[in-house]
Structure formats: structure tokens, C-alpha cells
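Derivation of every value follows stated rules applied to the coordinates shown; laboratory data play no part. The structure presented is a predicted model; accordingly, all values stated were derived computationally and were not measured. Every residue, glycine among them, receives a Cβ derived from its backbone with ideal geometry; neighbour counts consider all protein chains shown.
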Amino acid sequence: MVSLELRNVWKRFGKQDVLSGVNWQASGGELVALMGVNGAGKTTMLRVMSGMVGAESGEVFINGKHFTRDDVELRRQFFLLGDEPALIPQGSAIMNLATMAKLWQIDRPNLEEVAAEWMDRFGVLSLREKPVSELSRGQRYKVALVILATLRPPIWLMDEPFASGMDAQGLRTLRQLIREGLEEGVLVVFSTQLIEMVRGFAGRVTVVSGGVILHNGTVPELEEKARAGDPYLAMLMD
């Protein structure tokens with residue numbers, strides 16, 4: 001089973017500590033929500049997890065192995081889906097899929113067939129040959145999700161996926177994709193500011209403020225802490 005762990009991770013931009021000694025871990029089959037206001041450190045946590053940015057100190061472990069940004073094999077365990085998907089603008093959805101499949105060393109004969117099924121489910125099948133630069137933000141996000149659904153690495157990291165500009169069909173299909181991934185033992189971590197995106201969906205919620213973890217447990221446990229009078233947690237629950 002896949003596992004991901006941060007040990008005493010510190011990250012600084014300029015003179016500002018964005019992550020302050022973060023300790024956190026999760027395993028395959030878990031759906032974890034990172035919650036916090038803008039600037040809380042959620043995106044930086046995701047980027048450090050994926051190796052996109054390096055930490056000043058501390059360590060990241062994948063499946064018990066020390067992970068560094070130069071470890072290409074361990075980087076293939078991840079798919080990081082940022083606020084703006086990392087796609088080749090002049091390429092079509094099919095071309096982007098083929099490129100990503102080479103990077104992740106995925107060689108399955110039915111790759112395009114699986115991708116076509118997910119394009120249909122996300123409602124972008126008719127756009128498969130169109131350059132992604134000509135697509136809307138929500139459509140580009142759907143293309144990236146099609147690639148994720150097709151490649152199926154064991155760790156999915158998503159930054160604010162429910163604020164991605166997708167329509168109702170896209171949001172509904174995203175939830176279905178995540179549920180299918182969890183059944184297969186995938187670890188899914190997504191960030192959000194919205195408690196309604198977490199209730200009844202994520203098994204665990206990690207609340208971050210100023211680069212420090214204030215809560216790492218279930219939603220009912222978070223609600224209890226908020227009722228106890230923590231103003232930051234209470235604000236997130238509104």
C-alpha cells in the first residue's frame with residue numbers, strides 16, 4: 001500500500017515561514033482534505049509533497065523511502081494537479097495524454113480507449129483534437145483529470161479542484177473518479193477552503209494556518225473543536 005509522510009518540514013519564501021515544522025502522513029485508500037484560508041500553506045504542502053518545490057529542512061517519505069526532487073522513479077508515484085493544469089498549450093488532449101504517458105512510462109494498449117471513456121464522462125470527447133490553449137479553464141481542468149484518470153498513479157494531489165471552473169457534470173464526475181480511485185487503493189489529497197466540499201466526502205481533514213497544522217482528524221472532531229471556541233476553526237466551518 002502506498003504511503004506519504006512529511007517529517008518536520010520547513011519551507012520559507014523570503015523571510016516568511018510558509019511551513020513550520022509540519023509532520024503529516026497518509027496511506028493508500030485515504031481521502032484527505034487540506035483546509036485553510038488563502039496563504040495558509042496548503043498549496044506549498046502539496047508542492048513539497050510532490051517535489052515541485054524543495055523544503056529548507058525536513059524530509060518527505062514515499063512508501064518508507066526518503067524522497068528527493070531528483071528521484072524520478074518516486075516522482076512517478078504522483079500526479080499533481082495545480083490551479084492551472086500543467087499542459088502543453090499548443091497540443092491537443094490526445095497529444096498531452098501521449099506525452100504524459102511517456103513521462104510516467106505507461107505503456108498500455110488500451111490507453112486511448114480508456115481516455116476516450118473518461119473524455120466522454122467529463123463531456124470533452126468532442127474537444128479531443130482541439131489545442132488546449134483554445135479551451136476554457138474548466139475544459140482544460142477536465143483534460144488534466146482525463147489524463148490523471150487514464151494514467152492512474154498511486155498518489156493524486158489536487159489544489160482547489162472544486163474551484164477549477166468546471167461545470168456540474170465535471171464536478172460530479174470528479175467525485176466519481178475519486179471514489180473509484182479510493183476503491184483501488186489510491187491516496188487522494190486535495191485542498192479547499194470550503195467545508196461543504198469536505199463534509200460527507202473526505203475521511204480526514206487537515207487544517208493549516210500560517211504553515212502550522214491546527215487539526216488533523218475527522219470532520220466531526222473538527223466541528224467539536226470549532227464549537228469549543230477556536231475562532232479560526234469556527235470561521236472555516238461557516
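Positive contributions from Lys and Arg (+1) and negative ones from Asp and Glu (-1), summed over other residues with Cβ under 15 Å from the Cβ of GLY64, come out at -2.
Here the dipole of the stretch 3-237 is about 280 debye; that uses its Cα centre as origin and unit charges on the Cβ of Lys and Arg (positive) and Asp and Glu (negative).
Above 21 Å, the calculated P(r) of the stretch 1-92 contains 34 percent of its Cα-Cα pairs.
Please go through the stretch 14-81 and write out the trypsin sites (Lys or Arg not before Pro) that DSSP classes as loop and that have at most 14 other C-beta atoms within 10 Å.
LYS15
Computed across the chain, the Kirkwood hydrodynamic radius from all distinct Cα-Cα pairs reaches 18.4 Å. A protection proxy built from the mean count of other Cβ atoms within 10 Å ranks the segments 186-194, 16-24, most packed first, as 186-194, 16-24.
The protection proxy used here, the mean number of other Cβ atoms lying within 10 Å of each residue, ranks peptides 168-180, 147-159, 130-142 as follows, highest first: 147-159, 130-142, 168-180.
Please give the helix 137-151 orientation as an angle from the longest Cα principal axis of the chain, in degrees from 0 to 90, rounded to the nearest 10. Roughly 80 degrees, rounded to the nearest 10.
Antiparallel versus total DSSP beta bridges in the chain: what percent is that, nearest 5? Could you put the intermediate results ahead of the total?
Working: 21 of 38 bridges.
Rounded to the nearest five, the antiparallel share is 55 percent.
Here the extension length gained between VAL72 and LEU125 equals 15.9 nm, from 0.36 nm per residue of separation less the Cα-Cα distance. Taking GluC sites (Glu not before Pro) across the stretch 1-103, the ones in a DSSP loop with at most 14 further Cβ atoms lying within 10 angstrom of their Cβ are GLU56. Does anyone have the angle between helix 111-122 and the longest principal axis of the chain? Alpha-carbon axes, 0 to 90°, nearest 10? Approximately 70 degrees, to the nearest 10. Here the spin labels are modelled as points 7 Å beyond Cα on the Cα-Cβ line, and at GLU117 and ARG172 they lie 2.0 nm apart.
Quick one: go through the stretch 210-227 and flag any residue whose amide nitrogen is under 20 Å from the point 7 Å out along the Cα-to-Cβ line of TRP10. 210-214, by backbone N distance to the label point.
Each label point was placed 7 Å from the Cα along the Cα-to-Cβ direction; for GLN25 and GLU56 their separation is 2.6 nm.
Geometric descriptor of the stretch 46-177, per residue, is 113 Å³ (volume of the convex hull of the Cα atoms).
When the Cα positions of PRO161, THR192, LEU135 are compared along the charge dipole of the stretch 86-218, THR192 comes out farthest toward the positive end, with charges on each C-beta of Lys, Arg, Asp and Glu.
Taking the Cα centre of the stretch 28-104 as reference, the dipole from Cβ charges on Lys and Arg (+1) and Asp and Glu (-1) amounts to some 160 debye.
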